[in-house]
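Asks: Okay, handing you the structure first.
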Amino acid sequence: MASGSIIVGALVAVAAFTGLSPQFGGKPSKADVAVYEKSGHYQDGEFVNLVPTEELTEGSTLGILWKFLFRKDPHATPAGPLPMQPLDSLAITKKTPDLVRVTWFGHSASLVELAGKNILLDPMLSIEMGPVNWATPNRYNPNLPISAEKLPPIDAVLISHDHYDHLDYQTIRRIKDKVAHFYVPLGIGPHLRAWGVAPERIIEMNWGDEAQFDGLTVVCTPSRHFSGRGLTNRNSTMWSSWVMKSATKRVFYSGDGGYGPHFSTIGATQGPFDLALMECGQYDRQWAQIHMMPEQSVQAARDVRAAVMMPVHWAAFTEANHAWNDPVRRATAEAARLQQPITTPHLGEPVTLGTELPRARWWE
């Protein structure tokens, strides 16, 4: 009886917390759900992938947790803070319409300067992650190349999906008043509205949708992943990759997801790309269909027809049982084997197309 009461009490506490914490975001209205149902990618109350996809291809959630807690790779976390180049906010304002420059902040958060616009990708700019930060990984470095408050005005924020390492409540709250447009997959609008983002600034998009403003085109394209921020909203929002185009240049961001035929389709219909930011990290054979191995990330860059690949989704958080620098070691080796150009900047180091690309092996 006592153990049963404890379990019931714990469940009540969890339910109360998920209902009260703003971190979990908003809930869709009936009108929102009606739109999702017409998307062609929504079945039985959940978004689905283009091809059959299993979140776990072997093992169990409990087994994975045990391995992560008690059999972790001894090099899963770096010995100290990673080298970082501070970013001067004034330097970001010095640009021309033909400039293409990308600055990576760690994990997937990146600033893309294209068509004279500032485009922020998956801006997770916090040190701690999620509503229960003692249970989630903290950032390797105690600060970032630039704080959210020091960012210049942002023309567009692109969100790939609603997981905590990509859609961060604290960051959104800190930048929302300096962002002109939030481009997000279907279902993420309710989260942003709950966090105080003006509805007129939010553009929810289905796979294949395009949006244009002032010489910039963004296209919402598929990925192979899943979503959810709580216990009861699994796959309630869509996940995506993104295409960014000016009149002369094209940049691709993969978002999170496993390898699949969608990359070749994107390459054929939207490519070639001058630069592709490709997910490369937090992988395991136990979830091989929802995150790519590094060798697959390189092949995906080739599939989308990228002139240059830039690996992201590493060097900030430990979310899988591999060495922290294993992704970039394997990706650079495979890129060399396939003769795929690759750039590996320090955190905060700008990558400017048309100039010599950063290729230092700083992680060694």
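The values are calculated or read from the model by the stated rules, or taken from the named source; none is laboratory data. Here the structure is a predicted model, which is why all the values come from computation and not from measurement. Glycine gets a Cβ as well: all are built from the backbone with ideal geometry, and neighbour counts include every protein chain shown. The area values use the complete protein model at the heavy-atom level, side chains included, leaving out ligands, DNA and RNA. Shrake-Rupley method; radii C 1.70, N 1.55, O 1.52, S 1.80 Å.
Asks: What number in nm² do you get for the stretch 83-241 if you take the convex hull of its Cα atoms and divide its surface by four?
Replies: Seen from a random direction, the Cα hull of the stretch 83-241 projects 9.5 nm² on average.
Asks: Please report the relative contact order for the stretch 133-285, taking Cα pairs under 8 Å with a sequence separation of at least 6, and give it as a percent rounded to a whole number.
Replies: Taking the mean separation of contacting Cα pairs over the length of the stretch 133-285, I get 17 percent.
Asks: For the chain, what number of Lys pairs, 8 or more residues apart or on separate chains, have alpha-carbon atoms under 12 Å from each other?
Replies: Final tally of qualifying lysine pairs is 4.
Asks: In whole Hz and in residue order, list the ³J(HN,Hα) couplings for the stretch 317-333 that follow from phi through the Karplus curve 6.51 cos²θ - 1.76 cosθ + 1.60, θ = phi - 60°; x for Gly and Pro.
Replies: So the Karplus estimates, Gly and Pro as x, are 9, 9, 10, 8, 9, 9, 4, 4, 9, 4, x, 6, 4, 5, 5, 5, 5 Hz.
Asks: Would you kindly derive the ³J(HN,Hα) couplings of the stretch 39-46 from the backbone phi angles with the Karplus curve 6.51 cos²θ - 1.76 cosθ + 1.60 (θ = phi - 60°), listing them in order in whole Hz, with x for Gly and Pro?
Replies: Each residue's phi maps through the Karplus curve to give 6, x, 10, 9, 9, 6, x, 9 Hz.
Asks: For LEU65 and ARG234, what is the calculated FRET efficiency with R₀ set at 25 Å and r taken between the beta-carbons, to the nearest 0.05?
Replies: 0.90
Asks: Working out 0.36 nm times the residue gap between GLU149 and LEU357, then minus their Cα-Cα distance, what length gain in nm do you get to one decimal?
Replies: Length difference between fully extended and current span is 72.1 nm.
Asks: While we're here: Can you give the relative contact order of the chain as a percent, counting alpha carbon pairs under 8 Å and 6+ residues apart?
Replies: That works out to 19 percent.
Asks: Amide H of GLU349 versus every other amide H placed in the peptide plane: which residues, excluding those fewer than 5 positions away on the same chain, fall under 5 Å?
Replies: GLN85, TRP104
Asks: Which sequence of TRP134, TRP104 reflects their accessible areas, 1.4 Å probe, from the largest down?
Replies: TRP134, TRP104
Asks: From Cα coordinates alone, what are the radius of gyration and Dmax values for the stretch 161-211 in angstrom?
Replies: 10.6, 30
Asks: Same structure, new question: How big is D for the stretch 221-364, in µm² s⁻¹ as a whole number, if Stokes-Einstein is applied with the Kirkwood radius of its Cα pairs at 4 °C and 1.567 mPa s?
Replies: Estimated diffusion coefficient is 83 µm²/s.
Asks: Determine the per residue accessible area of the stretch 16-144 with all protein chains present and a 1.4 angstrom probe, expressed in square angstrom.
Replies: Per-residue value: 56 Å².
Asks: Let me ask something else about it. Once amide H atoms are built 1.01 Å from N in the peptide plane, which residues 5 or more positions from ILE202, or in another chain, come under 5 Å H to H?
Replies: Amide H neighbours of ILE202, under 5 Å, 5+ apart: PHE182.
Asks: Could you tell me the calculated FRET efficiency between GLU46 and THR248, based on Cβ-Cβ distance and R0 = 35 angstrom, to the nearest 0.05?
Replies: 0.35
Asks: Work out, step by step, the length gained on full extension between LYS72 and THR265: first 0.36 nm times the residue separation, then minus their alpha carbon distance; give nm to one decimal.
Replies: Residue separation times 0.36 nm, minus the Cα-Cα distance, leaves 65.8 nm.
Asks: Okay, next question. Check ALA109: other-chain or 5+ apart residues with amide H under 5 Å from its amide H, H built from backbone geometry?
Replies: Close amide H contacts, sequence-distant or interchain: MET124.
Asks: Would you please state which residues of the stretch 297-319 a label at ARG337 would reach in this model, taking the label point 7 Å out along Cα→Cβ and a backbone N cut-off of under 12 Å?
Replies: 297-299
Asks: Further question on the same structure: If each of GLU55 and ALA194 carries a label point 7 Å out from its Cα toward its Cβ, how far apart are those two points in nm?
Replies: Inter-label distance under the simple model: 1.7 nm.
Asks: Alpha carbon centre of the stretch 276-349 versus the stretch 62-101: separation in Å?
Replies: For the stretch 276-349 versus the stretch 62-101, the Cα centre distance is 13 Å.
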